[in-house]
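Step one of this worksheet: look at the structure below.
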Amino acid sequence: MSPRQAIPRSRANSPACGGEPDPNSALADELAELEVRGLKRTRRVLETPQGARVTVDGRDYIAFCSNDYLGLAAHPALIEAARAGAARFGVGAGASHLILGHSAAHHALEARLAAFVGLPRALLFSAGYLANIGVVTALLGRDDAVFADRLNHASLNDAALLARAQFKRYRHLDLAMLGRQLAASTARRKLVVTDAVFSMDGDIAPVPELIALCERFNAWLLVDDAHGFGMLGRQGRGVLAHFDARSPRVIYMATLGKSAGVFGAFVAAQEEVIELLLQRARSYIYTTATPPLLALALQKSLDLIENDDWRRDRVTHLITVLNHTLTLRRWLRMPSATAIQPVVIGGTDEAVALSQALARDGLLVPAIRPPTVAQGTARLRISLSAAHEVRDVERLAAALNALQ
């Protein structure tokens, strides 16, 4: 046996063969710990279009785990628009927006989105995460400050850290605390960032009051309307329309893969803000543009959002049905007037077990666990859609009632 063959396998895999642990083994230990704590995630394989009824891993389910709130993801009109877009523009954009990837379809969609939400100009991004990163890092630096609700989406928190600005967090919806933080700040620029609809609780930020604080303390307000665009306000125009709130200090972000049923995101704001993002937002400048065919599909989606009030009415009715049929004794259903209907279970293991029990009954409801939510607040996140029927919600409520 050669000296090389005599080396134990774990040492042979070590870069220096000096007895240091294999870095891959350390990762395996981390994964094992996640599994023991009930925090290891796995992916299901969806075999059908997104919808209320899906086939996953070879089995049929009623799904309450999609953000396709208006039921548009597989709408025939969007599919046809995408086909027409592919025939006209091809499949890929081929370049970033500032090189040669900005098509006539993108340009027309930006103009329409700005008009739809009532702001002067809009800029398309490839994802909501990239949009939030782009806004915060383009506007702020080390001499500036970000003020964030503690329940904000991770992308807003990550954006603040990447900007290297002072990062101040205030208790959820505690505007008095936010006011004290703004008053004490000596930062060059101040930016308040908030979800519009909080993705794990389903409650809505008090946008008019936030605007008033920003006007008082000379700050911008970045509103992430990922879960409100298409659902809130007249004709689904979003949280600003919901409150009839307007201010030149508002920077509005919304995603296009939830209620709009397609993909991407946009930021709308004053002309100067959007032009600065176009020049400095690295997540915009250095990302290939989304396929132009999706921009054409999104124009058709806006038609349906604007004209199909019955879709929002259906979700409102389904919330009422859930209110009347779900009777909880041990768990807490959080108050929400949105499509997001959380049921707080508490322990991670119990939340996962309930999700698995519902799946055995043909109902997909995700268990949301730490670190997405705080320790001790693991929950079932019920997402309602215009594609659901009343009997779907009644069946879910009956299954949950029986599991208590």
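Among the residues of segment 42-60, those identified as closer than 25 Å to K300 by Cα and either under 18 Å from the mean Cα position of the chain (by Cα) or open to solvent by less than 40 Å² (accessible area, probe 1.4 Å) (or both) are Q50, G51, A52, V54. Answer with yes or no whether A399 is surrounded by 15 or more Cβ atoms within 10 Å (Cβ to Cβ) and outside any loop (DSSP other than H, G, I, E, B). Here the answer is yes, as A399 does meet what is asked. Among the conditions (1) hydroxyl-bearing (S, T, Y); (2) open to solvent by 60 Å² or more (accessible area, probe 1.4 Å); (3) in contact with a Ser or Thr (Cβ under 7 Å, 6 or more places away or on another chain), T327 misses just one, which is (3).
For beta carbons closer than 6 Å, sequence separation of 6+ or different chains, a first residue in segment 264-283 that is open to solvent by 70 Å² or more (accessible area, probe 1.4 Å) and a second that is part of a strand (DSSP E or B), the qualifying pairs are E271/R121.
Here is a yes/no grid of residues against (1) in a loop (DSSP other than H, G, I, E, B); (2) closer than 25 Å to D303 by Cβ; (3) charged (D, E, K, R); (4) modelled with pLDDT under 95:
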residue	(1), (2), (3), (4)
K40	yes, no, yes, yes
I62	no, no, no, no
N67	yes, yes, no, no
L70	yes, yes, no, no
A77	no, yes, no, no
R83	no, yes, yes, no
R88	no, yes, yes, no
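Out of everything in segment 363-384 that is open to solvent by less than 10 Å² (accessible area, probe 1.4 Å) and among the small types (G, A, S), what residue ends up being farthest from T325 (Cα to Cα)? Among residues in segment 363-384 that are open to solvent by less than 10 Å² (accessible area, probe 1.4 Å) and among the small types (G, A, S), the one farthest from T325 (Cα to Cα) is A378. The C-beta contact set for segment 357-369 (first residue more than 16 Å from R391 (Cβ to Cβ) and free of Cβ contacts under 8 Å to residues at least 40 places away in the same chain, second residue open to solvent by 10 Å² or more (accessible area, probe 1.4 Å) and assigned to a strand (DSSP E or B), distance under 9 angstrom, 6+ apart or interchain) comprises A367/I345; A367/R379; A367/R381. Remark: pairs (first residue in segment 100-111, in contact (Cβ under 8 Å) with a residue 12 or more places away in the chain; second residue among the polar types (S, T, N, Q) and assigned to a helix (DSSP H, G or I); Cβ separation under 8 Å; 6+ apart in sequence or on different chains) = A105/Q299; A108/Q299; L109/Q299.
Looking at segment 234-288, which of its residues are of a type in the set (F, W, Y) and over 30 Å from D313 (Cβ atoms)? Correct list: Y284, Y286.
How many residues, within segment 275-322, are small (G, A, S) and more than 16 Å from D68 (Cβ to Cβ)?
Residues of segment 275-322 small (G, A, S): 281, 283, 289, 295, 297, 301.
Cutting the leftovers down to more than 16 Å from D68 (Cβ to Cβ) gives us 281, 283, 289, 295.
Within segment 275-322, residues that are small (G, A, S) and more than 16 Å from D68 (Cβ to Cβ) number 4.
Somewhere in segment 379-396, is a residue free of Cβ contacts under 8 Å to residues at least 40 places away in the same chain, under 21 Å from the mean Cα position of the chain (by Cα) and part of a loop (DSSP other than H, G, I, E, B)? Scanning segment 379-396, I find no residue that is free of Cβ contacts under 8 Å to residues at least 40 places away in the same chain, under 21 Å from the mean Cα position of the chain (by Cα) and part of a loop (DSSP other than H, G, I, E, B), so the answer is no.
Applying the selection to segment 331-354, what residues are surrounded by 22 or more Cβ atoms within 10 Å (Cβ to Cβ) and over 20 Å from the mean Cα position of the chain (by Cα)? Listed by number, the residues that qualify are I345, A351, L354.
Working only within segment 179-194, note down all residues that are in a helix (DSSP H, G or I) and either free of Cβ contacts under 8 Å to residues at least 12 places away in the same chain or open to solvent by less than 40 Å² (accessible area, probe 1.4 Å) (or both). Within segment 179-194, G179, R180, Q181, L182, A184 meet the criteria. Just checking, does segment 217-228 include any residue being in contact with a Pro (Cβ under 8 Å, 6 or more places away or on another chain), open to solvent by less than 10 Å² (accessible area, probe 1.4 Å), within 30 Å of V344 (Cα to Cα) and outside any helix (DSSP H, G or I)? Checked segment 217-228: no residue is in contact with a Pro (Cβ under 8 Å, 6 or more places away or on another chain), open to solvent by less than 10 Å² (accessible area, probe 1.4 Å), within 30 Å of V344 (Cα to Cα) and outside any helix (DSSP H, G or I). Exactly one residue among E20, E33 is open to solvent by 80 Å² or more (accessible area, probe 1.4 Å), under 30 Å from A353 (Cα atoms) and modelled with pLDDT under 95, and that residue is E33. Against the test of being in a helix (DSSP H, G or I) and either surrounded by fewer than 21 Cβ atoms within 10 Å (Cβ to Cβ) or modelled with pLDDT of 95 or more (or both), the options L210, L232 yield a single qualifying residue, L210.
Being in a helix (DSSP H, G or I) and crowded, with 22+ Cβ neighbours inside 10 Å is the filter here; which residues of segment 156-178 pass it? Spell out the reasoning first.
We begin by selecting, within segment 156-178, every residue in a helix (DSSP H, G or I); these are 156-163, 175-178.
Residues satisfying the conditions are L156, A159, A160, A163, L178.
Filtering segment 284-318 to residues that are within 21 Å of the chain's Cα centre (by Cα), open to solvent by less than 20 Å² (accessible area, probe 1.4 Å), within 17 Å of A105 (Cβ to Cβ) and not hydroxyl-bearing (S, T, Y) leaves A289, A295, A297, L298, L302.
The values are calculated or read from the model by the stated rules, or taken from the named source; none is laboratory data. Note that the coordinates shown come from a computational prediction; the quantities given were computed from them, not determined experimentally. Virtual Cβ from ideal backbone geometry, glycine too; neighbours counted across all protein chains shown. The accessibility values were calculated without ligands, DNA or RNA, using every heavy atom of the protein model including side chains. Shrake-Rupley method; radii C 1.70, N 1.55, O 1.52, S 1.80 Å.
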